[in-house]
Amino acid sequence: MSASSPAIDVHDLMKSFRKRKVIDGLTLRVETGEVCGFLGGNGSGKTTTIRMLCGLLRPDGGGGTCLGLDLLTEAPAIRRQVGYMTQQFSFYGDLTVRENLEFVARLYELADRRAAIAAVLERMGLADRAGQLTGELSGGWKQRMALAACVLHRPKLLLLDEPTAGVDARARRQFWDLIHELATDGLTVLVSTHYMDEAERCGRVIYLAGGRLVVQGTAGEVVAAAHLVTFEATGPGIERAVRALRAAPGVETAAVFGQALRIAGLDRAALAAAIARLDDGRLTWQEVPPRLDDVFIHMLNAQEPAE
Amino acid sequence: MTGFSFRRLAAMLRKEWLQMRRDPMTIRLTLILPMIQLFLFGFAINANPRHLPTALVSADHSVYERTLVSALVNTRYFDIRPYPSAATADEALRRGDVLFVLEIPPDFSRLVDRGEKPRILMDADGSDPVAIGSATAALGALNAAVLNRDLPPNLRSAPPPAPPFQIVLHARYNPEQITALNIVPGLIAIILTISTLVLTSVAITRERETGTLENLLAMPVRPSEVALGKIIPYVGLGYAQTVLVLALAVVVFGVPVRGSVLLLMLSLGLFIACNLAMGLTFSTIAQTQMQAQQMAQFAFLPSMMLSGFLYPFAGMPGWARAIGEVLPITHALRIARGILLKGNGLAQIWPDLWPMAAFALVAGAIAVRLYRETLD
Ligand SMILES: Nc1ncnc2c1ncn2[C@@H]1O[C@H](COP(=O)(O)OP(=O)(O)O)[C@@H](O)[C@H]1O
Ligand SMILES: [Mg+2]
């Protein structure tokens, strides 16, 4: 496998559960060494896609390669070179961190188990907690332990399924620092997330809805592609204004962020009209560049309009 | 690309061992509970109870009375407690303090001496016929001969004329009807069912329910290694329980071991295989431990009721026996009783050995067929 060939290259993937299409013709390409964000609402098919990529689920249709190996016929070989971190924490709470890692190392039949474990404990900052029962760790440390187990066998591709769900901001940032460190060493990472700050740390994001790829590119490209218009207001009475604006035609989202009120929509004229109708002169309005979360809420709304 | 690996199986076993060690309570329970069950079934649940409390109301303290009482006591069915009056004895019977009331009339010895064959009234609490059944039967055998020795010579009867024929009931293998003898072999089969069927199906399903199975499937470990890794510890546990219960049964209850212990252990191995195949099948269907538990219970109840463990097999209607014949525990039970109590060898247990082998093959085929390598 040459350095330039993609780590993940799958096309037209299909998967149904009990006749219900969950993945509907998904084509996906992730370059080697990339940190790729995998986004989409709940139930959009992220977990199902990741499971198909590491051979835990068989696609009903489509195919392709993962690390140059065929998805359908070489799943066991793919699994050996992939580190998969499940959405739900799935190590043994009644074993210590070290015992869990040893178990994983034995299953991979690693040659130098002790050294590999020592190295990964050091790298993940888990050395002090090696003797602690995994079930007693806090969420952030659990996730680190899981990540340590995923990279123990030196995989070429990391598939991380919402690794930072329910973890505090500092732990999330540290976790992402680790992901970037690993990527620097040449690891390809596909990571699903609901956090916009995390999406912004990805080299590229892929947005999934209803089992289809909706948009992909760098955060900037995704924002630009949405052609969203955003206005921001400051001043007294924004709490009251936000309610009126939400109901106004053409306004897709209206929300208060601290001292500022942001509205977003596709139609600049409609937004301007809504502002004009409301304006009592106390708010100062200005157009601002849209943010990634504006874009994603916009896309979630487009997929399944909120009640 | 990867065949079966003993190193990975060893890794699974090591993990199971660590988890078991971290949870010593479960291990202790699985070893202690069978012993408690043995004592419960062996001592407490006695289908042939003895030493039943019996009230004695005597208005005539004589040598005849003393002989009669000691004869009653000698049957070991009756514990005699003197009561001052018929009224207090009746009250005790009504309260359940005693199960029998024996009233000796005031002129008992006079009537006996005059050869008038007086009647003694024995009231029994009929509300529990099972409890008093054997005791009542023992009473029947008592009356004829007991006073003979004490009678004046003129009244002593000559040996009674022999009836044309006589039925001698002789309970073989367990002449004294000791319940423990019958219970222990059955108990071994029941205990093995619990530890191999119930515990393994729950243990494998636990990995699915907690999500660790997904993690295992994503790693190079083969499903067969996972399954064996979960199964082997419980086979070991099952054998440990068997040895413990058997040893206890021999030491405490004097259960004989007339046949070959090795043959018993090997046959039980086949029985364990049947249970594991069933447990594995359940664990492939069940999504939660609760479901696995319920399925195992579903298989466990008929094992108790229809195998001949609780009720004699011969007394069941045809359809129940048909179900019983399919259950591996029915055969395990007969084999265990046969080897322990009758000293049966391979030739005698063969009719019960091959049905178990057939069951293991069929259930094993179903389990393999249902076992999935993916999450589909
Ligand atoms: N094993 C399964 N059986 C049936 N339906 C499933 C299964 N796994 C996922 N689904 C359904 O497929 C859809 C996509 O699920 P998932 O891939 O988990 O989405 P995401 O990870 O993006 O939240 C959901 O509607 C979910 O209910
Ligand atoms: Mg998911």
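Yes or no, residue by residue, for (1) surrounded by fewer than 16 Cβ atoms within 10 Å (Cβ to Cβ); (2) not polar (S, T, N, Q):
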{"site": "A:Val120", "(1), (2)": "no, yes"}
{"site": "A:Gln132", "(1), (2)": "yes, no"}
{"site": "A:Leu137", "(1), (2)": "no, yes"}
{"site": "A:Leu147", "(1), (2)": "no, yes"}
{"site": "A:Leu160", "(1), (2)": "no, yes"}
{"site": "A:Ala169", "(1), (2)": "yes, yes"}
{"site": "A:Ile179", "(1), (2)": "no, yes"}
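Could you list, in sequence order, all residues of region A:59-98 that are more than 22 Å from A:Val167 (Cβ to Cβ), touching a residue at least 40 places away in the same chain (Cβ under 8 Å), more than 9 Å from chain B (Cβ to nearest Cβ) and among the hydrophobic types (A, V, I, L, M, F, W, C)? Correct list: A:Cys66, A:Leu67, A:Leu71. If the condition is being more than 11 Å from ligand 1 (Cβ to nearest atom) and either of a type in the set (D, E, K, R) or over 16 Å from the mean Cα position of the chain (by Cα) (or both), then region A:27-48 contributes A:Thr27, A:Arg29, A:Glu31, A:Thr32, A:Gly33, A:Glu34.
Give me the residue from region B:1-26 that is over 19 Å from A:Glu102 (Cβ atoms) and exposed (fewer than 14 other Cβ atoms within 10 Å of the Cβ) and, out of that set, nearest to the other protein chains (Cβ to nearest Cβ). Write out each step before concluding.
Step one: filter region B:1-26 for residues over 19 Å from A:Glu102 (Cβ atoms), giving B:1-4, B:24-26.
Those left that are additionally exposed (fewer than 14 other Cβ atoms within 10 Å of the Cβ): B:1, B:3-4, B:24-26.
Values: B:Met1: 5, B:Gly3: 11, B:Phe4: 13, B:Pro24: 12, B:Met25: 12, B:Thr26: 11 Å.
Going through the qualifying residues, I end up with B:Met1.
Answer yes or no: is there a residue in region A:156-170 that is within 14 Å of chain B (Cβ to nearest Cβ), out of contact with any Pro (no Cβ under 6 Å at 6 or more places or on another chain) and more than 16 Å from ligand 1 (Cβ to nearest atom).
Initial filter on region A:156-170 (within 14 Å of chain B (Cβ to nearest Cβ)): A:157-163, A:165.
Pick out the ones that are also out of contact with any Pro (no Cβ under 6 Å at 6 or more places or on another chain) and you get A:157-163, A:165.
Next, only the ones that are more than 16 Å from ligand 1 (Cβ to nearest atom) stay: A:157-158.
Checking region A:156-170: at least one residue is within 14 Å of chain B (Cβ to nearest Cβ), out of contact with any Pro (no Cβ under 6 Å at 6 or more places or on another chain) and more than 16 Å from ligand 1 (Cβ to nearest atom).
The residue list A:Leu213, A:Leu245, A:Leu300, A:Leu266 contains one member that is in contact with a helix residue (DSSP H, G or I) (Cβ under 7 Å, 6 or more places away or on another chain) and of a type outside the set (Gly, Ala, Ser), which is A:Leu245. When we screen B:Gln241, B:Gln297, B:Gln287 for residues that are crowded, with 17+ Cβ neighbours inside 10 Å and not aliphatic (A, V, I, L, M), the only hit is B:Gln241. Of the residues making up region B:325-365, those that are in contact with a helix residue (DSSP H, G or I) (Cβ under 8 Å, 6 or more places away or on another chain), assigned to a loop (DSSP other than H, G, I, E, B) and more than 17 Å from B:Met305 (Cα to Cα) are B:Asn344, B:Gly345.
Do we have any residue at all in region A:94-106 that's within 16 Å of ligand 1 (Cβ to nearest atom) and farther than 16 Å from A:Val189 by Cβ? Before the answer, list the steps.
Of the residues in region A:94-106, the ones within 16 Å of ligand 1 (Cβ to nearest atom) are none.
No: zero hits.
Out of (1) outside the structural domain of A:Ser44 (by TED's automatic domain parsing); (2) of a type in the set (S, T, N, Q); (3) under 19 Å from A:Gly41 (Cβ atoms); (4) modelled with pLDDT of 85 or more, what's the single condition that is false for A:Gln259? Unmet for A:Gln259, out of (1) outside the structural domain of A:Ser44 (by TED's automatic domain parsing); (2) of a type in the set (S, T, N, Q); (3) under 19 Å from A:Gly41 (Cβ atoms); (4) modelled with pLDDT of 85 or more: (3). Within region A:40-58, being in contact with a helix residue (DSSP H, G or I) (Cβ under 6 Å, 6 or more places away or on another chain) and either surrounded by 23 or more Cβ atoms within 10 Å (Cβ to Cβ) or within 13 Å of another protein chain (Cβ to nearest Cβ) (or both) holds for A:Gly40, A:Cys54, A:Gly55, A:Leu56, A:Leu57. Take the conditions (1) over 24 Å from B:Leu301 (Cβ atoms); (2) surrounded by 20 or more Cβ atoms within 10 Å (Cβ to Cβ); (3) not charged (D, E, K, R); B:Ile204 misses just one of them, which is (1).
The values are calculated or read from the model by the stated rules, or taken from the named source; none is laboratory data. As the structure is a computational prediction, the values presented were derived from the model and not from experiment. When we count neighbours, we look across all protein chains shown, and the Cβ atoms used for this are built from the backbone with ideal geometry, even at glycine.
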